[in-house]
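These notes concern the structure reproduced below.
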Amino acid sequence: MKKGLIYSALVLSIGSIFAKFVGIFLKVPLINIVGDYGIGLYQLPYPIYTTILTFSMTGFSLAVAKLISTYNPEKDYESVSVVFYMSLVTITIFSFLFSLLYVIAAKRIIAIFKWPSDVLFPYLALAPALFVVSVQSAYRGYFNGIKKMYITSISQILESIGRVGFGLVLCIILLARGVSLSVAGALLGASLGALVSLAFLYAAFKKQQIHLNKNLQPLFRESLPIARRIIILTFYFSLSSFLMSAISITDSLFFPYFMNMRHYPNRFTSELFGIFSGKAMTLIHVPLTFSISMAISIISYMSSAKTLSEKRKLIAQGLEYVLLINIPCIAAFFFFPDTIINLVFFNSPTGGKVLRFSSLLTLVISLVQFSTSVLQGLGRFLVPVKSILIAIVIKIACMFVFIVIYNLNIVGCILANLMCYTVIFLVNFLELKNQNIDAFSVNKLLYIVISSAIMVITGSLIIRILTESSNIVQGSVLVIGCIAAYTIFLFIFRVLKFSNLKQLITR
């Protein structure tokens, strides 16, 4: 079971990490082409888009995967057929309705939250992607359910390549017509990339459906109870994810609103938000990719675990690898923010201080993601919902105090996010303690922190030695040197062992 958990998380991580890096390669030239104002227009509609997709990309896909993984090991292919085809019909209807409402509400949303008028075309450019990306979730849920997660991973890679390729071409072509249309072209690439991915998923599905019942007429007798179960599970899985996305949406909605109350110009507000959301959070979400993949994987493995002892071991193992990835990244973002920004966003090197202030978000967000999935795996769906609702109210209040009263602008937004995610984790953690879930080994945590500290010392020496070198050389050597130092000391402290590596590559 251990090998299965790590293998599944690793496979999903490969596709997600590739997509993240490709996403960076979209934003880097995009920022260089349209500037901080343009990337602000790019980021403003994204939280609404991702919030709507939460229903399909997270909740719906998990619900389908959970049901199919229940029936497939028993070779109940008729039930697998019902689940898949009903999920495909259901998500097609819902995604069409969501896309239509998204377009209808465009001007009203922009007016209510005082976004720049230039954001209209970028906002509308995401509408086709809402439909296409949502339909993919039925296929990805199917493949995750039959444990062929490599197909999901490949589809993510194809989607990201298509998104970046088409997006950059359209961005450059439309630049002559203004920043707004250029950004809209970049966002339209999401729809075209999703079409490429959907085509691959459909082709893979046609090859995999050997045992599926292709005579659909008899299946409609069982469709209603299956559809009900899909919707109920989707609701449970989506609720927490939807509210997590709502945390991000409060940034794009209330940050411009509160900045307007302090009479900051719209362009300055968009630039600050672009630096935070387009640069700092883009980098932070790279290590968070493993947390998300582990969170997705652990739900199904906890569901199949028969005893509380097995669940405890899975949770401890999952948390160990989450911390192994995220703690050194916090250190790197805090101590080397300018070097990292200069390496990635070389033509727009602003934002080092914002990345430093945001570094702790890496830890709290990863802990929230993991603890929320563990609670869902234990059947405690409503606990994270309550904690997130409380935290959102606290966050909005903190944003008002920090931005409007204390005039901290983007720093106030970051502090409000830190308080928000900390509250969620503390509530989740207390519930896990009540469920008698074992805590992570303090000794391992200490060794991870010490290894990260040695990594920071190594990185500081590299920067001092390469002071006269270019940003690319200095940044590249820094990354390689820090990874090497951190990994070596993890082996020295026996946090990592060669047996661990064997588990990572063994299915």
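The values are calculated or read from the model by the stated rules, or taken from the named source; none is laboratory data. What you see is a predicted model; the values in this text were computed from it and never measured. Glycine gets a Cβ as well: all are built from the backbone with ideal geometry, and neighbour counts include every protein chain shown.
Values computed for the structure shown
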quantity: Any chance Val442 is at pLDDT 95 or above, more than 21 Å from Ser373 (Cα to Cα), surrounded by fewer than 18 Cβ atoms within 10 Å (Cβ to Cβ) and aliphatic (A, V, I, L, M); calculated: no
quantity: In the range 304-337, the residues that are of a type in the set (Val, Ile, Thr), farther than 15 Å from Val364 by Cβ and surrounded by 21 or more Cβ atoms within 10 Å (Cβ to Cβ); calculated: Ile315
quantity: Qualifying residue in the range 261-282 (condition: of a type in the set (Lys, Arg), under 30 Å from Arg140 (Cβ atoms) and surrounded by fewer than 20 Cβ atoms within 10 Å (Cβ to Cβ)); calculated: no
quantity: Any pair with Cβ under 7 angstrom, 6 or more apart, that starts in the range 319-345 at a residue that is closer than 14 Å to Ile454 by Cα and ends at one that is aliphatic (A, V, I, L, M) and not in a helix (DSSP H, G or I); calculated: Ile330/Leu360
quantity: Filter result for Ile33 (of a type in the set (A, V, I, L, M), surrounded by fewer than 21 Cβ atoms within 10 Å (Cβ to Cβ), modelled with pLDDT of 80 or more and in contact with a Cys (Cβ under 8 Å, 6 or more places away or on another chain)); calculated: yes
quantity: Options Val411, Val479; residue that is of a type in the set (A, V, I, L, M), within 25 Å of the chain's Cα centre (by Cα), surrounded by fewer than 20 Cβ atoms within 10 Å (Cβ to Cβ) and within 30 Å of Pro265 (Cβ to Cβ); calculated: Val411
quantity: Flag if Ala391 is among the small types (Gly, Ala, Ser), part of a helix (DSSP H, G or I) and touching a residue at least 24 places away in the same chain (Cβ under 8 Å); calculated: yes
quantity: Of all residues in the range 338-383 being hydroxyl-bearing (Ser, Thr, Tyr) and assigned to a loop (DSSP other than H, G, I, E, B), the one that is surrounded by the fewest Cβ atoms within 10 Å (Cβ to Cβ); calculated: Thr350
quantity: Of all residues making up the range 457-476, the number that are buried (at least 16 other Cβ atoms within 10 Å of the Cβ), part of a helix (DSSP H, G or I) and either without any contact (Cβ under 8 Å) to a residue 60 or more places away in the chain or out of contact with any helix residue (DSSP H, G or I) (no Cβ under 7 Å at 6 or more places or on another chain) (or both); calculated: 2
quantity: Test set (1) under 16 Å from Ala138 (Cα atoms); (2) surrounded by fewer than 18 Cβ atoms within 10 Å (Cβ to Cβ) - Val83 fails condition number; calculated: (2)
quantity: Condition met for Ile249 (over 30 Å from Tyr37 (Cβ atoms), at pLDDT 80 or above and out of contact with any strand residue (DSSP E or B) (no Cβ under 6 Å at 6 or more places or on another chain)); calculated: no
quantity: Which numbered condition Ala332 fails, given (1) out of contact with any Gly (no Cβ under 9 Å at 6 or more places or on another chain); (2) over 20 Å from Ala9 (Cα atoms); (3) not acidic (Asp, Glu); calculated: (1)
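Each row is one residue, and each column tells you yes or no for (1) among the small types (Gly, Ala, Ser); (2) in a helix (DSSP H, G or I); (3) surrounded by fewer than 19 Cβ atoms within 10 Å (Cβ to Cβ); (4) modelled with pLDDT under 85.
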{"site": "Ser182", "(1), (2), (3), (4)": "yes, yes, no, no"}
{"site": "Leu187", "(1), (2), (3), (4)": "no, yes, no, no"}
{"site": "Ala199", "(1), (2), (3), (4)": "yes, yes, yes, no"}
{"site": "Phe205", "(1), (2), (3), (4)": "no, yes, yes, no"}
{"site": "Lys214", "(1), (2), (3), (4)": "no, no, yes, yes"}
{"site": "Phe220", "(1), (2), (3), (4)": "no, yes, yes, yes"}
{"site": "Leu224", "(1), (2), (3), (4)": "no, yes, yes, yes"}
{"site": "Phe237", "(1), (2), (3), (4)": "no, yes, no, yes"}
{"site": "Ser241", "(1), (2), (3), (4)": "yes, yes, no, yes"}
